[in-house]
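**Q** The structure follows.
Bear in mind that the values in this text are calculations on the coordinates, not laboratory data. A quick note: this is a predicted structure, and the numbers were derived from the prediction, not measured. A quick note on method: Cβ atoms are made from the backbone with ideal geometry, for glycine too, and the neighbour counts reach across all protein chains shown.
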Amino acid sequence: MKRLLLIDRDGTLIIEPPVDFQVDSLAKLEFYPKVISNLAKIARELPYELLMVTNQDGLGTESFPEENFWPAHHKMLTTFANEGIAFRDVLIDRSFPHENSPTRKPKTGLLTPYLKAGEYDFTRSFVIGDRLTDMELAYNLGARGILIHNPIHDLSFSNPAVENVIELITTDWEEVYQFLALEEQAYSRQFRNASIVRKTNETQIQIDLELDGQAKYDINSGLDFLDHLLEQFAKHSRINLKIDAQGDLHIDEHHTVEDVAITLGEAFTKALGSKRGIERYGFFILPMDEAQAQVAIDFSGRSYLVWDVPFSRERVGDVPTELFEHFFKSFSDNCKCTLHIKAEGKNAHHVIEAVFKSFARACKLAFQRTEYGDLPSTKGVL
Ligand SMILES: [Mg+2]
């Protein structure tokens, strides 16, 4: 389910003028310190949709004419957009407090479409704001709160349950980013799973993957030798892997081998999530009797396959040897990883089994968690 950051405007994104509490001219537009750089990182790295939710008392009346409001508001939105910060929607309530409108924060009327759709997980969404009403909105939505602290606002909680929704009190947007990044990391550490269903006219495939598994596997691809190799892969990477594939084997093995690899690559992409806190690189040289395989992998976000694996015969079991390169190309394309695979040996069965075992160990090294929890890239995204 999707998640929201419901962000207040005045006092949270921009400075609220302490005298009249109205940003009604360009001269009064001043961004909250560090909000642009940190909200840009949140927008780029974290899986939230951004919603602005703001009360603008009497907007459109004599006390707050629209022509005084929009220039500064649009300037603010353009500045954010230029830094990659796009708001899914901007929800403005124009009522006065005494009107007790159902759309005025902390009431949830403005958010009715989001509450009705059932596609948002409010328990994992946050309201970020500087007033008690923002935290009450979080409480009313079943969401959580981040309070941008301003001592001029009254924070006497009549309902202690509202205080309990506040998970961070800060005056620093960098802390907001760090808190949300850690929150995401803790969640993705908890569950690194994926279930993918892929149906075409050629194959129907379901894959269930748990990266932090116990090497439990149940593989049924319709090709016995491919099952054997994928069982080796699950065993030696310690993942839990369930594969159910029904392919057009009456034509040949090509579509089934290809589509299992595509779906497995998609499952890895999903289970790895943001890739924060993983090693990223893995490499392993593995002997098997006279054969030797070496596999190096980088979960780089880019697909590339280097394949140097000669075979001495056309088939091993019920799988043509030419399809092994295609398997790893399809995996690399859909997992968006770089894969270098080299192997040699006299016995083709040993060669490809060594490749799959080495692939398993290299993957295990690359997806294992680090103690640091950061993204292993200076680019900021993988
Ligand atoms: Mg505010």
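**Q** Restricting the calculation to Cα positions, tell me the Rg (one decimal) and the Dmax (whole number) of region 1-104 in Å.
**A** Spelled out, the Cα radius of gyration and Dmax of region 1-104 are 14.1, 42 Å.
**Q** Taking only C-alpha pairs under 8 Å that are 6+ residues apart, what is the relative contact order of region 191-367 in percent?
**A** This gives 26 percent for region 191-367.
**Q** Could you compute the FRET efficiency for Gln206 and Arg302, with r as their C-beta to C-beta distance and R0 at 30 Å, rounded to 0.05? All intermediate terms of the calculation are to be shown ahead of the outcome.
**A** Working: r = 27 Å, r/R0 = 0.91.
According to the calculation, E is roughly 0.65.
**Q** Next up: By how many degrees, between 0 and 90 and to the nearest 10, does the Cα long axis of helix 254-272 differ from the longest principal axis of the chain?
**A** Roughly 40 degrees, rounded to the nearest 10.
**Q** Another question about this same structure. Go ahead and run the numbers for FRET between Glu62 and Gln178, Cβ-Cβ distance against an R0 of 41 Å, rounding to 0.05.
**A** That pair, Glu62 with Gln178, gives E of 0.40.
**Q** Given an 8 Å cut-off on Cα distances and at least 6 residues of separation, report the relative contact order of the chain as a percent.
**A** Across the chain, relative contact order equals 13 percent.
**Q** Each residue of region 164-179 in order: what ³J(HN,Hα) in whole Hz does its phi give by Karplus 6.51 cos²θ - 1.76 cosθ + 1.60, θ = phi - 60°, with x for Gly and Pro?
**A** With coefficients 6.51, -1.76 and 1.60, one gets 5, 6, 6, 9, 8, 10, 7, 10, 10, 5, 5, 5, 4, 4, 5, 4 Hz.
**Q** Could I ask something else about it? Roughly what percent of Cα-Cα pairs across region 3-189 reach past 24 Å?
**A** When every Cα pair of region 3-189 is considered, 35 percent fall beyond 24 Å.
**Q** Continuing with this model, one more query. On full extension of the chain, what length is gained from Val381 through Asp333, given 0.36 nm per residue of separation minus the C-alpha to C-alpha distance?
**A** 15.5 nm
**Q** Based on the alpha carbon coordinates of region 191-367, what radius of gyration and maximum Cα-Cα distance (Dmax) apply, in Å?
**A** Over region 191-367's Cα set, Rg and Dmax evaluate to 14.8, 44 Å.
**Q** Taking the chain as the reference, fit the longest principal axis to its C-alpha atoms, fit the long axis of helix 132-141 to the helix C-alpha atoms, and give the angle between the two in degrees, 0 to 90, nearest 10.
**A** Rounded to the nearest ten degrees, it is 50.
**Q** While we're here: How many angstrom separate the Cα center of region 127-160 from the Cα center of region 191-226?
**A** Distance between centres, Cα-based: 45 Å.
**Q** Collect residues whose amide H, placed 1.01 Å from N in the peptide plane, falls under 5 Å from the amide H of Ile219; neighbours closer than 5 in sequence don't count.
**A** Ile243
**Q** With a Förster radius of 25 Å, plug the Cβ-Cβ distance of His98 and Ser156 into 1/(1 + (r/R0)^6) and report the FRET value to the nearest 0.05.
**A** Approximately 0.75, to the nearest 0.05.
**Q** Which value results for Rg/Rh of the chain when Rg is the Cα radius of gyration and Rh the Kirkwood radius based on the inverse mean 1/r?
**A** On the way: Rg = 26.8 Å, Rh = 23.9 Å.
Expressed as Rg/Rh, it is 1.12.
**Q** Using alpha carbons only, how many degrees (0 to 90, rounded to 10) separate the axis of helix 322-335 from the longest principal axis of the chain?
**A** Its long axis makes an angle of about 10 degrees.
**Q** Please report the net charge: other residues with Cβ closer than 13 Å to the Cβ of Gln204, K and R +1, D and E -1.
**A** Local charge sum for Gln204: -2.
**Q** Another question about this same structure. So what J values fall out for region 67-75 if you push phi through Karplus, 6.51 cos²θ - 1.76 cosθ + 1.60 with θ = phi - 60°, rounded to Hz, Gly and Pro as x?
**A** So the Karplus estimates, Gly and Pro as x, are 5, 7, 8, 5, x, 5, 5, 5, 4 Hz.
**Q** Each residue of region 288-303 in order: what ³J(HN,Hα) in whole Hz does its phi give by Karplus 6.51 cos²θ - 1.76 cosθ + 1.60, θ = phi - 60°, with x for Gly and Pro?
**A** 9, 6, 7, 8, 9, 10, 10, 10, 10, 10, 9, 7, 8, x, 10, 9
**Q** Shifting gears a bit: When the Kirkwood hydrodynamic radius is evaluated over all pairs of different C-alpha atoms of region 137-245, what value in angstrom, to one decimal, is obtained?
**A** Details: mean 1/r = 0.0554 Å⁻¹.
Its Kirkwood hydrodynamic radius stands at 18.1 Å.
**Q** Counting only C-alpha contacts under 8 Å and six or more residues apart, can you give the relative contact order of region 264-382 as a whole percent?
**A** Values: 245 pairs, mean separation 51.4, N = 119.
After rounding, I find 43 percent.
**Q** Considering only DSSP beta bridges with both partners in the chain, what is the antiparallel share in %, to the nearest 5?
**A** Roughly 50 percent of the beta bridges in the chain run antiparallel, per DSSP.
**Q** Of Trp70, Trp307, Trp173, how do they rank once you tally other Cβ atoms within 10 Å and put the fewest first?
**A** Exposure proxy ranking, most exposed first: Trp70, Trp307, Trp173.
**Q** Which entries in Lys2/Lys235; Lys270/Lys357; Lys216/Lys342; Lys105/Lys270; Lys116/Lys364; Lys2/Lys379 show an alpha-carbon gap greater than 30 Å?
**A** Exceeds cut-off: Lys2/Lys235; Lys105/Lys270; Lys116/Lys364.
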